[in-house]
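Trainee: First, the structure itself, so that you have it in front of you.
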Amino acid sequence: MASTETAARLRLLSKAPNQTLTPLEQARRIASLAQDKLAEDVVILDMRPALSYTDFFVICTGRNARQTKAIWDEVHERLKHEGRVLPLRVEGASEGSWIIGDYLDTVLHVFTPEARDYYRLEELWGDAPLVSVEAASATA
């Protein structure tokens, strides 16, 4: 079933008219959108050496569950509007302490400070190279 969902998702993406972002550009775009909603400690991890199911993790923190939801909502709506890019799966949006948006090549993790400190993804994936968050303005 997962492969059927993935195939359907890829067909949708291939029909998107302006879907020309590389995985790195997509990760930077997501990071930039999160920063525009005042996300803190935004990092991009290059997961290609460690994982086969995604290329990049974008990890960021909102001050509280309300802000994590606002960050998620902004990223989701802008990507949907700009290029009809929808996540394959979303988890945690109703609770807000850890929201995960799976965009296939990029997985967005939006944490509250407590959840980020508890899960410590940067430490868990400490061997994953950090990527510069530069280059993609949210107004682009």
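Trainee: Keeping all protein chains in place and using 1.4 angstrom, which order do H76, H81 fall into by accessible surface area, from largest down? Can you show the working numbers first?
Mentor: On the way: H76 45, H81 150 Å².
These residues rank, largest area first, as H81, H76.
Trainee: Modelled label-to-label distance, A93 and T20, 7 Å Cα→beta-carbon offset: nm?
Mentor: 2.8 nm
Trainee: With each label point set 7 Å from Cα along the Cα-Cβ vector, what nm distance links R120 and S52?
Mentor: So the two model labels end up 2.9 nm from each other.
Trainee: Now a separate question. For the range 30-97, divide the Cα radius of gyration by the Kirkwood radius and give the resulting Rg/Rh value with two decimals. Walk me through the numbers on the way to the answer.
Mentor: Working: Rg = 12.3 Å, Rh = 12.7 Å.
Rounded to two decimals, Rg over Rh is 0.97.
Trainee: Just to confirm the filter: which GluC sites (Glu not before Pro) across the range 84-119 are DSSP coil and have at most 15 other Cβ within 10 angstrom of their Cβ? Don't jump to the answer; show the numbers that get you there.
Mentor: Working: sites: E91, E95, E114; in loops: E95.
Here the GluC sites (Glu not before Pro) that fit, given the DSSP loop and packing criteria, are E95.
Trainee: Ok, one more. With label points built 7 Å along Cα→Cβ from the Cα atoms of L86 and D41, find their separation and express it in nm.
Mentor: Between L86 and D41, the label points sit 3.3 nm apart.
The values are calculated or read from the model by the stated rules, or taken from the named source; none is laboratory data. The model shown is predicted, which means the values in this text are computed figures rather than measured ones. As a convention, Cβ positions derive from the backbone with ideal geometry for all residues, glycine included, and neighbour counts pool all protein chains shown. We work out accessible area using only protein heavy atoms, side chains counted, and drop any ligands, DNA or RNA first. Shrake-Rupley method; radii C 1.70, N 1.55, O 1.52, S 1.80 Å.
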